[in-house]
1. Filter the range 121-147 for residues that are of a type in the set (A, V, I, L, M, F, W, C), in a strand (DSSP E or B) and more than 12 Å from Ile80 (Cα to Cα) and give the result.
2. Gly102 versus (1) on the phi > 0 side of the Ramachandran plot; (2) surrounded by fewer than 16 Cβ atoms within 10 Å (Cβ to Cβ); (3) within 19 Å of the chain's Cα centre (by Cα): which is the lone unmet condition?
3. Looking only at the range 1-20, count every residue that is surrounded by 10 or more Cβ atoms within 10 Å (Cβ to Cβ) and either in a strand (DSSP E or B) or of a type outside the set (A, V, I, L, M) (or both) and tell me the total.
4. Go through Thr47, Thr87, Thr59 for me and flag whichever is modelled with pLDDT under 75 and surrounded by 13 or more Cβ atoms within 10 Å (Cβ to Cβ).
5. Among the residues of the range 105-128, which ones are charged (D, E, K, R) and surrounded by 15 or more Cβ atoms within 10 Å (Cβ to Cβ)?
Amino acid sequence: MKKFKFVIHGNPYEVDVINVEDNIAEVEVNGTIYKVEIDKKVQTPKTPKLVRSTISPSTESDKSTSKTASPVALKGVGNIKAPLPGTILNVFVREGDTVKVGDKLILLEAMKMENNINSDKEGVITSIKVRSGDSVLEGDILIQIGG
(Lines give C-alpha, C1' and ligand atoms only; values in the text may rest on other atoms or scores of the structure.)
Protein backbone atom coordinates (compact mmCIF):
# COMPACT_ATOMS: atom_id res chain seq x y z
CA MET A 1 0.00 0.00 0.00
CA LYS A 2 2.36 2.74 1.24
CA LYS A 3 6.06 3.01 1.99
CA PHE A 4 7.59 5.23 4.67
CA LYS A 5 11.14 5.98 5.78
CA PHE A 6 11.69 6.91 9.43
CA VAL A 7 14.73 7.84 11.45
CA ILE A 8 14.24 7.15 15.17
CA HIS A 9 17.13 7.97 17.55
CA GLY A 10 19.46 8.03 14.53
CA ASN A 11 18.39 4.55 13.32
CA PRO A 12 16.82 4.36 9.80
CA TYR A 13 13.65 2.29 9.35
CA GLU A 14 11.88 1.40 6.09
CA VAL A 15 8.22 0.67 6.76
CA ASP A 16 5.79 -0.81 4.20
CA VAL A 17 2.11 -0.85 5.11
CA ILE A 18 0.96 -4.10 3.53
CA ASN A 19 -2.67 -4.35 4.61
CA VAL A 20 -5.13 -2.57 6.91
CA GLU A 21 -8.33 -4.27 8.08
CA ASP A 22 -10.50 -2.68 10.74
CA ASN A 23 -7.98 -1.55 13.38
CA ILE A 24 -5.21 -4.12 12.58
CA ALA A 25 -2.40 -3.09 10.25
CA GLU A 26 0.10 -5.52 8.74
CA VAL A 27 3.42 -3.70 8.33
CA GLU A 28 6.91 -4.71 7.27
CA VAL A 29 9.73 -2.92 9.13
CA ASN A 30 13.24 -3.46 7.68
CA GLY A 31 12.16 -6.84 6.26
CA THR A 32 10.27 -8.13 9.36
CA ILE A 33 6.45 -8.35 9.24
CA TYR A 34 4.43 -7.18 12.26
CA LYS A 35 0.71 -7.00 13.03
CA VAL A 36 0.01 -3.72 14.73
CA GLU A 37 -3.19 -2.67 16.48
CA ILE A 38 -4.19 0.86 15.61
CA ASP A 39 -5.70 2.95 18.38
CA LYS A 40 -8.03 4.83 16.04
CA LYS A 41 -10.11 3.05 13.40
CA VAL A 42 -8.64 3.84 9.98
CA GLN A 43 -11.04 4.37 7.13
CA THR A 44 -9.79 2.98 3.88
CA PRO A 45 -10.09 5.39 0.97
CA LYS A 46 -13.08 4.66 -1.20
CA THR A 47 -13.33 5.15 -4.90
CA PRO A 48 -15.87 7.91 -5.53
CA LYS A 49 -19.15 6.61 -6.89
CA LEU A 50 -20.78 8.22 -9.87
CA VAL A 51 -24.32 9.17 -8.94
CA ARG A 52 -26.57 10.10 -11.80
CA SER A 53 -29.82 11.92 -11.38
CA THR A 54 -33.01 10.37 -12.65
CA ILE A 55 -33.53 11.21 -16.29
CA SER A 56 -37.02 12.21 -17.26
CA PRO A 57 -38.24 10.93 -20.62
CA SER A 58 -38.44 13.34 -23.54
CA THR A 59 -42.21 12.91 -23.65
CA GLU A 60 -44.91 11.75 -21.35
CA SER A 61 -45.91 8.75 -23.45
CA ASP A 62 -46.05 5.46 -21.58
CA LYS A 63 -44.24 2.49 -23.17
CA SER A 64 -47.07 0.12 -22.24
CA THR A 65 -49.57 2.13 -24.27
CA SER A 66 -47.31 3.34 -27.08
CA LYS A 67 -48.02 0.40 -29.43
CA THR A 68 -51.79 0.52 -29.15
CA ALA A 69 -54.04 3.33 -28.03
CA SER A 70 -57.53 2.98 -26.69
CA PRO A 71 -60.11 4.41 -29.10
CA VAL A 72 -61.27 6.98 -26.52
CA ALA A 73 -57.83 8.50 -25.82
CA LEU A 74 -56.64 11.37 -27.98
CA LYS A 75 -53.64 10.40 -30.06
CA GLY A 76 -50.54 12.54 -29.86
CA VAL A 77 -51.44 14.48 -26.72
CA GLY A 78 -48.43 15.29 -24.56
CA ASN A 79 -45.33 17.34 -24.03
CA ILE A 80 -42.00 17.50 -25.81
CA LYS A 81 -39.29 17.94 -23.18
CA ALA A 82 -35.64 18.95 -23.37
CA PRO A 83 -33.49 15.79 -23.45
CA LEU A 84 -30.48 17.68 -22.03
CA PRO A 85 -29.58 21.20 -20.88
CA GLY A 86 -28.78 23.70 -23.61
CA THR A 87 -29.78 26.78 -25.57
CA ILE A 88 -32.62 26.99 -28.08
CA LEU A 89 -31.20 28.04 -31.47
CA ASN A 90 -34.34 27.82 -33.61
CA VAL A 91 -38.02 26.90 -33.32
CA PHE A 92 -39.34 25.46 -36.60
CA VAL A 93 -43.08 25.31 -35.75
CA ARG A 94 -45.80 27.70 -34.60
CA GLU A 95 -48.88 27.27 -32.45
CA GLY A 96 -51.66 25.72 -34.51
CA ASP A 97 -49.28 23.80 -36.81
CA THR A 98 -50.06 20.14 -37.40
CA VAL A 99 -47.06 17.86 -36.87
CA LYS A 100 -46.38 14.24 -37.68
CA VAL A 101 -43.97 11.78 -36.08
CA GLY A 102 -40.41 12.70 -37.07
CA ASP A 103 -41.09 16.37 -37.90
CA LYS A 104 -38.27 18.70 -36.81
CA LEU A 105 -39.56 20.98 -34.05
CA ILE A 106 -36.56 22.66 -32.39
CA LEU A 107 -32.80 23.03 -32.84
CA LEU A 108 -31.05 22.80 -29.45
CA GLU A 109 -27.38 23.57 -28.84
CA ALA A 110 -25.93 21.48 -26.04
CA MET A 111 -22.25 20.87 -25.27
CA LYS A 112 -21.26 22.79 -28.44
CA MET A 113 -23.30 20.45 -30.62
CA GLU A 114 -26.56 21.11 -32.44
CA ASN A 115 -29.34 18.62 -31.68
CA ASN A 116 -32.62 18.33 -33.58
CA ILE A 117 -35.66 17.80 -31.38
CA ASN A 118 -38.16 15.85 -33.47
CA SER A 119 -41.79 15.09 -32.76
CA ASP A 120 -42.54 11.59 -31.53
CA LYS A 121 -46.30 12.02 -31.82
CA GLU A 122 -48.89 13.41 -34.20
CA GLY A 123 -51.10 16.32 -33.33
CA VAL A 124 -51.53 20.07 -33.30
CA ILE A 125 -49.10 22.39 -31.52
CA THR A 126 -51.14 23.88 -28.67
CA SER A 127 -48.37 25.77 -26.89
CA ILE A 128 -44.71 26.66 -27.44
CA LYS A 129 -42.94 27.33 -24.15
CA VAL A 130 -39.55 28.51 -25.51
CA ARG A 131 -38.07 31.00 -27.99
CA SER A 132 -34.73 31.25 -29.79
CA GLY A 133 -31.98 32.14 -27.32
CA ASP A 134 -33.71 30.63 -24.26
CA SER A 135 -31.65 28.40 -21.98
CA VAL A 136 -33.36 25.19 -20.90
CA LEU A 137 -32.63 22.45 -18.40
CA GLU A 138 -33.06 18.73 -18.90
CA GLY A 139 -36.74 17.82 -18.61
CA ASP A 140 -38.08 21.34 -19.25
CA ILE A 141 -41.27 21.37 -21.34
CA LEU A 142 -40.54 22.86 -24.75
CA ILE A 143 -43.75 22.24 -26.71
CA GLN A 144 -47.23 20.95 -25.89
CA ILE A 145 -49.03 18.88 -28.50
CA GLY A 146 -52.78 18.34 -28.41
CA GLY A 147 -55.14 16.13 -30.35
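1. Within the range 121-147, Val124, Val136 meet the criteria.
2. Going through the list (1) on the phi > 0 side of the Ramachandran plot; (2) surrounded by fewer than 16 Cβ atoms within 10 Å (Cβ to Cβ); (3) within 19 Å of the chain's Cα centre (by Cα), Gly102 breaks only (3).
3. Final tally of qualifying residues: 10.
4. From the options Thr47, Thr87, Thr59, the qualifying one is Thr59.
5. Asp120, Lys121, Glu122
The values are calculated or read from the model by the stated rules, or taken from the named source; none is laboratory data. From a predicted model like this one, the values you see are computed outputs, not experimental measurements. Every residue, glycine as well, gets a Cβ built from its backbone with ideal geometry; the counts of neighbours run over all protein chains shown.
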